[in-house]
Every structure is written in C-alpha cells, then in structure tokens.
Amino acid sequence: MNKDIAKVLLSEQEIDSIVTKIAADIDRDYAGSDKKLVLLCILKGSVVFMGDLMKKIKLPVEIEFMRVSSYGVSTASSGRINILLDLHRKDLSECDILVIEDIIDSGRTLSYLTEYLKLGGAHSVKTCTLLDKPSRREVDFTPDYIGAFIPDEFVVGYGLDYNEKYRALPYVGILAPEVYENR
Ligand code: PRP
C-alpha cells in the first residue's frame, strides 16, 4: 500500500463489484430507449471509473468529456461553475446523457451540469457517481446511480487526487493527514 494512505476505503475488488452492479443497472434501465446512450465523463477524476464502467455496460455507448471547475466549496456561495471543456454535439435531442462523476460533495457540479445539459436540449439527463459524501451536500441533489456512500474524509485514488497525485492508485484510500497538514 502507498505510504501516504492511512486506510483503504474501497479495495480493487470492492470497486469492481460496485462497477459491475452499476453497469447492470444501466443496462436494465436504458434497454428500452431508442436514443443514443452517451456517457459523459467529467474530467479529470472520473476517467478511471468511466473507463472501467464503459467496458462493463453491454448496451452500445458513446463517450464524451467535459471539464469544469468551481470556485471551491468554501467560496461557492454564488454556485458558479466554469466550463473549461464543453460538450459540442448537435444531436443532443437524440441523446440520453449519463453524467459520470467520481465523487459528489456539495452537489453543485452535478446540479449545474444537469440543468445545463437539459437546457441544451438533451433527450434525458441522468447522473452516476462512484462516491457520495452526503454530509457535505450544500444543494439538494441526489444522483441516479451511486456506488458507495463515504464519510467526510480526504479520499484519493481510482482517479481522485491531492495536488494531482494518487490518481493512479487502483483503490480508494483515506489520505494520511500528515500529508496535507505538513505541506
Ligand atoms: C471533483 C469531482 C466533481 C466535483 C464534486 O472535481 O470530480 O467534479 O469535485 O464536487 P461538488 O459536488 O462539491 O461540486 P475536482 O474539482 O476535484 O476536479 P478533478 O476531477 O479534475 O480532480
């Protein structure tokens, strides 16, 4: 285990089970749709989850990417989200968009993106997150697919970072406090 990880929260095996279950749920829920199922990965943290999830979904899927940034939870009173990389499709009315996130915290990103994509004319918009920290919610938002509820700990790995590090760890772990307290 990486020396900076205090505790493994979700092992590789646990993540694999979670992703398998979500993929089966998605296959079941979208089986009757005649629209294009588009997995929309929100960079960067969701890229590992997205890669694993798309391999397990049996329905045909297309993939897209967006990158957004908020002004940070502590200063997010305006709720403003910056779009750094946008989605450019002219066929949104023919698309079932499924937004893929690694984690939901305040809820501002997914809340904003859902409205943004609906206003853009998507046929349907649903959301999927690997991790949910419900104790941190600032806006009322519930994703359609949730992998695991987690406590309010600083988690890294499986796409999640601290200063761009630890994204490639194959598990989700709690970062040892001394790593960010002594920086
Ligand atoms: C994380 C995560 C979500 C957002 C969730 O991204 O991937 O996009 O924060 O927070 P919220 O519910 O409070 O809006 P981050 O800004 O860390 O970017 P990254 O994925 O590129 O690391």
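Structure values in brief
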item	result
3J(HN,Hα) from dihedral phi, region 128-136, Karplus parametrisation 6.51/-1.76/1.60, rounded to Hz, x for glycine, proline	9, 10, 5, 10, 10, 10, x, 5, 9
All aspartates and glutamates inside 12 Å of LYS56 as judged from Cα atoms, apart from same-chain residues fewer than 8 positions distant	ASP16, ASP25, ASP27
Under 5 Å, built H, 5+ apart or other chain: amide partners of TYR171	TYR158
Karplus 3J(HN,Hα) series, Hz, for region 6-11 with 6.51 cos²θ - 1.76 cosθ + 1.60 (x for Gly, Pro)	6, 7, 7, 8, 9, 6
About the Cα centre, charge dipole magnitude for region 107-146 (Lys/Arg +1, Asp/Glu -1 at Cβ), debye	80 debye
Accessible surface of ASP27 - all protein chains present, 1.4 Å probe, nearest 10 Å²	30 Å²
The chain: equivalent-ellipsoid semi-axes (sqrt of 5 x gyration tensor eigenvalues, Cα, Å)	27, 20, 13
Among LEU9, TYR116, SER33 - extreme Cα towards positive end, dipole of the chain, charges at beta-carbon	TYR116
Accessible-area order (highest first, 1.4 angstrom probe) of the listed residues VAL172, VAL61	VAL61, VAL172
Relative contact order computed over the chain (Cα-Cα under 8 Å; 6+ residues apart), in percent	25 percent
Charge-dipole axis of the chain as Lys and Arg at +1 and Asp and Glu at -1 on Cβ define it, positive-most pick from ALA176, PRO134, GLY45	GLY45
Only Lys, Arg (+1) and Asp, Glu (-1) charged, at Cβ; the chain dipole about Cα centre in debye	260 debye
Karplus-derived HN-Hα couplings along region 20-34 (A = 6.51, B = -1.76, C = 1.60, θ = phi - 60°), whole Hz, x at Gly and Pro	4, 5, 5, 4, 5, 4, 5, 4, 5, 6, 9, 4, x, 7, 9
Sequence-distant aspartates and glutamates (8 or more away, or on other chains) whose Cα lies within less than 17 Å of LYS165	ASP4, ASP102, GLU153, GLU178, GLU181
Sparse-neighbourhood loop sites, GluC sites (Glu not before Pro) in region 112-165 - DSSP loop, at most 16 other Cβ within 10 angstrom	GLU138, GLU153, GLU164
Interchain or long-range residues, amide H under 5 Å from CYS41's placed H	GLU64, PHE65, MET66, ILE100
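The values are calculated or read from the model by the stated rules, or taken from the named source; none is laboratory data. The structure presented is a predicted model; accordingly, all values stated were derived computationally and were not measured. Virtual Cβ from ideal backbone geometry, glycine too; neighbours counted across all protein chains shown. Heads up: the accessible areas ignore ligands, DNA and RNA and are worked out on the full protein's heavy atoms, side chains in. Shrake-Rupley method; radii C 1.70, N 1.55, O 1.52, S 1.80 Å.
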